[in-house]
Amino acid sequence: MNDLAPLLDAIYQRYHYDFRSYAEASLRRRLATALLHFRCDSLPELQARVIHNPLAFADLLRFVTVQVSDMFRDPVYWRAIREVVVPYLRTYASLKVWVAGCATGEEAYSLAIVLDEEGLLDRALIYATDINPESLRAAQAGVYDTSRFARFSDNYRLAGGRASLADYYTAAYDGAMIDQRLKKSIVFSDHSLATDTVFAEVQLASCRNVLIYFDKQLQERALGVLAEALCRKGFLGLGTKETLRFTTLAPSFTECAPDARIYQRM
Amino acid sequence: MELIVIGGSAGALDALLAIVPALPDELVTPILVALHVSPHHPSRLADLLGRHATRPVCEPEDKQPIRAGTIYVAPPDYHLLVERNETCALSVDAPLNYSRPSIDMLFDSAADAFGPAVTGVVLSGANDDGARGLARIFAAGGCCVVQSPSAAPHAAMPTAAVQRAREAHVLAVGEIVPFLARRAVIRKDRVAR
């Protein structure tokens, strides 16, 4: 990856965060934004800054990793989770599901709400993982800007929501907080699809708009981890522009909700 | 790889609907389009352009290879970028200039990846997205085209583009395709020599 390589190598050696196989164009863009923030003129200067200063690195991580999603982004996906995946999840006495690359938690809470409305939340454990500790803290807090909820509510309705999204949060002075009841079903924790391995067997893994940031080689690795975590007949949900086609994992899955990019492991 | 990138917002659809059907078969340079559309609805832009085109028009999947003679349209609510390995890349990074897709992001990535082989085109629009990206394309040795602000339904975007990229060719919609075709021939000759 030419001029980015020294910085990425140094970060990996020093902090064990591996961005060496990230897709180049968007990573380059994010690093350019970081250069402005740190008032650095060059990548070597940025490297010198963060390698000797863990606080500065934590700051950089914010630029390199944070994805912001919406609750019920792509309603067609959430509708398919309800209609295609939930009937299968019902057959299990206890459930484990994994939201990989959960960022600030919007999709993990969306999943908790679907499971709640389908009467499955009491027997479910949701693992929501990310590599960015600051994102995980925000996800755990579950407080979102009030202005975002109009959009969230529209999505929720289009996704087949059974109640009102307002039933699931409490508006406070500086934002709306997701209910404790939903939070209790979610374990937020640190996990890297680039460097870690499987930690549990799950019936559903949702990993949306994460693989687009990886190059092909890292996509294969990440998909391998996700596939290994899935039980037989377990489901894998991807982003609407992500596909298993052209990957070595394709033969191990059937596409069961093509528009929603939901696959079932054979 | 030779590449044409086109950006626009309000009023740009009409320009695209004039440009796309006029593209001659000999002009096989791949075209990537970032048009500001509502992020909340599945876009019909690719279908619409496809009906007026004599070449394939698609919303690319992540990592879809960029092929000659094809038009790629940024999916709603995703940024579209290009990679050096001649593939499309998508991102859900925060909107830039309140826009996702962002024209600047597409143009910057094209300039980074393919420098002088890039032609950037800014069409009608009501904000200044695309202006910085167009300047970046010029700085990387590429070619800049702007729809004439005086004839554009919304002049803010092309005006900002001309201010940032003063060397841009300011053209009426009807002049854009012949310009692109000539440029493709000149580039081909240059590369051949």
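Evaluate the charge dipole of the protein assembly as shown about its Cα centre and quote only its size in Debye, nearest 20, assuming +1 on the Cβ of each Lys and Arg and -1 on the Cβ of each Asp and Glu.
400 debye
Out of all DSSP beta bridges with both ends in chain A, state the antiparallel percent to the nearest 5.
Working: 14 of 33 bridges.
Expressed as a percentage, antiparallel bridges in chain A total about 40.
Considering every Cα-Cα pair within region A:103-152, what fraction, in whole percent, is farther apart than 12 Å?
The answer is 67 percent, as a whole percent.
Give, to the nearest whole percent, the P(r) tail of region A:147-196 beyond 15 angstrom, counting all Cα pairs. Mind dumping the intermediate values first?
On the way: 742 of 1225 pairs.
Result for the distance tail: 61 percent.
Let me check I have the definition right: for region A:1-101, take the eigenvalues of the Cα gyration tensor, multiply each by 5, take square roots. What are those semi-axes in whole Å, largest first?
38, 15, 12
Enumerate the amide H contacts of B:THR87 below 5 Å, restricted to partners 5 or more residues apart or on another chain; note that Pro and chain-start residues carry no placed amide H.
When sequence neighbours closer than 5 places are left aside, the close amide H contacts are B:ILE66.
How much mean residue ellipticity at 222 nm does chain A get from its helices, if each DSSP H run of length 4 or more adds -39500 (n - 2.57) and you divide by all residues, to the nearest 500 deg cm²/dmol?
-11500 deg cm²/dmol
Report, to one decimal in Å, the Kirkwood hydrodynamic radius for region A:53-152 based on all distinct Cα pairs.
Evaluated over region A:53-152, this radius sits at 14.8 Å.
Please report, in Å, the Rg and the Dmax of region B:110-185, where both are computed over Cα atoms only.
11.5, 33
Rank these for me by crowding, A:PHE246, A:PHE149, A:PHE214, B:PHE179, going from fewest to most other beta carbons within 10 Å. Display every interim value, and only then the final one.
Working: A:PHE246 12, A:PHE149 18, A:PHE214 21, B:PHE179 15.
In increasing order of surrounding Cβ atoms, one gets A:PHE246, B:PHE179, A:PHE149, A:PHE214.
Whole Å is fine, so just give me how far the alpha carbon centre of region A:8-70 lies from that of region A:120-145.
For region A:8-70 versus region A:120-145, the Cα centre distance is 24 Å.
Considering only B:ARG84, B:ARG55, B:ARG100, give the residue with the highest GNM mean-square fluctuation for chain B, with springs between Cα atoms whenever their separation is below 10 Å.
Between B:ARG84, B:ARG55, B:ARG100, it is B:ARG84 that shows the largest mean-square fluctuation.
Per residue, how big is the convex hull of the protein assembly as shown when only Cα atoms are used? Give it in Å³. Walk me through the numbers on the way to the answer.
Details: hull volume 69.6 nm³, N = 459.
Measuring per residue, one finds 152 Å³ for the Cα hull of the protein assembly as shown.
Could you tell me the center-to-center distance, by alpha carbons, between region B:152-193 and region A:192-249 in angstrom?
Spelled out, the Cα-based centre of one part sits 42 Å from the other.
Can you give me the relative contact order of chain B as a percent, contacts being Cα pairs under 8 Å and 6 or more apart?
22 percent.
Using all C-alpha to C-alpha distances in chain A, build P(r) with 5 Å bins and read off the rounded percent in each one.
Once binned at 5 Å, the Cα pair distances of chain A give 1, 6, 13, 17, 18, 16, 12, 9, 5, 2, 1, 0.
What number, in percent, do you get for the relative contact order of chain A if the mean sequence gap of Cα pairs under 8 Å and at least 6 apart is divided by its residue count?
Once divided by the residue count of chain A, the mean separation gives 19 percent.
Tell me the Kirkwood hydrodynamic radius of region A:119-266 in angstroms, computed as one over the mean inverse distance between distinct C-alpha pairs.
Here the Kirkwood hydrodynamic radius works out to 17.1 Å.
At A:ASP154 and A:ARG245, where each label point lies 7 Å from the Cα along Cα→Cβ, what is the point-to-point distance in nanometres?
2.9 nm
For chain B, set up a Gaussian network in which alpha carbons nearer than 10 Å are linked by springs, and say which option among B:ASP47, B:ASP93, B:ASP77 fluctuates the most.
It is B:ASP93.
Diagonalise the Cα gyration tensor of region B:48-143 and give the resulting equivalent ellipsoid semi-axes, square root of 5 times each eigenvalue, largest first, whole Å.
Semi-axes from the Cα gyration tensor: 19, 17, 14 Å.
Return the percentage of antiparallel bridges among DSSP beta bridges fully within the protein assembly as shown, rounded to the nearest 5 %.
35 percent
Given a 10 angstrom Cα cut-off, can you work out which residue in A:ILE81, A:ILE126, A:ILE51 is the most mobile in a GNM of chain A?
A:ILE51
Could you list the square roots of 5 times each eigenvalue of the Cα gyration tensor of region A:11-68, that is, the equivalent ellipsoid semi-axes, sorted largest first and rounded to whole Å? Provide the component values of the computation, followed by the final result.
Working: eigenvalues 49, 40, 25 Å².
After scaling each eigenvalue by five and taking roots: 16, 14, 11 Å.
Step through the residues of region A:190-196 one at a time and calculate ³J(HN,Hα) from phi using the Karplus curve (6.51 cos²θ - 1.76 cosθ + 1.60, θ = phi - 60°), rounding each to whole Hz and writing x for Gly and Pro.
6, 7, 10, 5, 8, 10, 9
What Kirkwood hydrodynamic radius do you get for region B:1-46 when you take the inverse of the mean 1/r over all pairs of distinct Cα atoms, in Å?
Kirkwood radius, region B:1-46: 12.0 Å.
Which percent of the Cα-Cα distances in chain B go past 24 Å?
Cα-Cα pairs of chain B separated by over 24 Å account for 29 percent.
Where does each of A:THR248, A:THR240, A:THR104 land when they are ranked from fewest to most other beta-carbon atoms within 10 angstrom?
Going from least to most buried by this count: A:THR248, A:THR240, A:THR104.
Mind checking which lysines have their C-alpha under 25 Å from A:LYS183, skipping anything on the same chain fewer than 8 residues away?
By straight Cα distance, A:LYS183 reaches A:LYS96.
Using Cβ counts within 10 Å as a stand-in for footprinting exposure, how do A:MET177, A:MET266, B:MET105 rank, fewest first?
Taking fewest neighbouring Cβ atoms as first place, the list is A:MET266, A:MET177, B:MET105.
All of the numbers you see were taken from the coordinates with simple rules; none came from a lab. Please read all numbers here as calculations on a predicted model, not as lab measurements. Positions of Cβ are generated from backbone atoms using ideal geometry, with glycine treated the same way; all protein chains shown enter the neighbour counts.
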